[in-house]
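What follows is a single structure, written as C-alpha cells, with notes after it.
Read-outs throughout are calculated quantities, based only on the coordinates presented, and are distinct from any laboratory measurement. Everything quoted here is computed from the prediction, not taken from an experiment. Backbone-built Cβ (ideal geometry, glycine too); neighbour counts: all protein chains shown.
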Amino acid sequence: MGGAVKQLVVLSEFRSARQLNKSNHDHKRTRHVLRPSGSISPSTNDGFNFSPAYLRRELTFMLAVPFMPTPQQLGQASEASDLLVIQSAVRKVLSKSKAAGILRLAFHDAGTFDLYDNSGGMNGSIVYELDRPENAGLSKSVKILDKAKSEIDGIQHVSWADLISVAGAEAVALCGGPTIPIKLGRLDAREPDPQGKLPEESLDASGLKKCFLRKGFSTKELVALSGAHTLGGKGFGNPNVFDNAYFKILLEKPWASSAGMSNMIGLPTDRALVEDDECSRWISIYAVDEARFFNDFKYAYAKLVDLGVSWKNI
C-alpha cells in the first residue's frame, strides 16, 4: 500500500475509533477492561476503550512507518549518490570533441567478452592493453579519465570498469544521444584480457554476426551498437552529434561513388552491414526512426557494459 493511501486509511481508522469511544460513553451499562497499556478503563460491549492520547501515539507511529527506508532503499540511495560523484567528475573532463574516443574506450574494454569461455568484459583491463594495435590512440582517453578518477578517489573509490562505463554513457548523452542508466559495483581485473577478442575490421556481415553472437548479442543489437560510429571522424554526419545519420548514410552507399573522398567513409565492417539482408532491415528501421535507435542503443550499451562483469558483494 502506498504511503499516501495508508495515511488516509489510518486517519479514517482514527476517526472511527474516536466515534466508537463517544458511542461507548453514551451507554448506560459499563464494565472495566484492561487497556492496551495495562491500566483499567471503562468500556462497553466487548471492545476496548482507547484513550485519545493512546490513539494519537498510534497514529503518529503508523504515519511514520511508511517513510522509514528499507535496507534496499538505503543501498539505492547510496549508489545514486556515488553515481552523481562519478558523473560530476567525468563531465569536468569531457567535451564533445573527446566523446568519440571515450565511447570507443568503453567498447574496447567491454568488447573482449566471450560468452563461451566467460572471459573478458567490462573490467578495466583496457589500461593494460593500450599497446595493442586495435587500441591505438586510446591512451589519450585513459589519460582524460585518469584526471576524473583522481578527483573521485579523493571522495570515494571508483573502479576503472565503473568509471569507463559511466563515461561512455556520459559521452553519448553529451552529444545529444539517449540517457543511459548505469549501475555500479564492477571490479577491476588485475591483468589484460586475452587477445583477439575484438571484432576485426575485415569481417564481413556473416563474420560480424557470429562474432557478436559469441558475445551474447543479436543482429539487432549488433546494428544498434554499430550506430556509435555516428560519432567521430568516420564520415557519418556531424562527428560531435549522436544521431541516426550513420544509418541514413549507410543506405546511400557513398563509397560506391567515383568521388574521391567517398570511399573513405566508414570502416569495411560498416559497409558490410548494409549488404546483409537482416542487418539492412534494421539499418532501414533506424534510418527513419531515431527514437527507436536511441532506445535500442540504450539497452544494448547497458548490456554491453554488464556482460562478464565481476560484481562487488556478489
Straight-line reach from K147: which lysines fall under 19 Å, measuring Cα to Cα and dropping same-chain residues less than 8 apart?
K92, K96, K98
Please report L105, L251 as a ranked list, fewest other C-beta atoms within 10 angstrom at the top and most at the bottom.
L251, L105
Taking Rh as the Kirkwood radius computed over alpha-carbon pairs of region 129-177 and applying Stokes-Einstein at 25 °C with viscosity 0.890 mPa s, one gets a diffusion coefficient in µm² s⁻¹ of 206
Taking the Cα-to-Cβ direction at E191 and at K303 and moving 7 Å from each Cα, how far apart do the two end points lie in nm?
3.0
Total charge dipole magnitude, region 181-314, about the Cα centre, Cβ charges on Lys, Arg, Asp, Glu only, Debye to nearest 20:
440
Which value in nm describes the separation of the simple spin-label points at S150 and L213, placed 7 Å from the Cα toward the beta carbon?
4.7
For K149, counting only aspartates and glutamates whose alpha-carbon sits under 14 Å away and dropping same-chain residues fewer than eight positions off, the answer is D82, D162, D188
Rounded to 0.05, the calculated FRET efficiency for the beta carbons of R132 and V288 at R₀ = 45 Å is 0.75
Non-local amide H neighbours of R186 (under 5 Å, H modeled in plane, Pro and chain starts lacking H): which ones?
D162, K312
Rough spin-label spacing in nm, given labels placed 7 Å along Cα→Cβ, for L83 and W311
1.4
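Using alpha carbon coordinates only, what is the Rg to Rh ratio of region 72-304, with Rh defined as the Kirkwood radius?
The Rg/Rh ratio comes out at 0.97.
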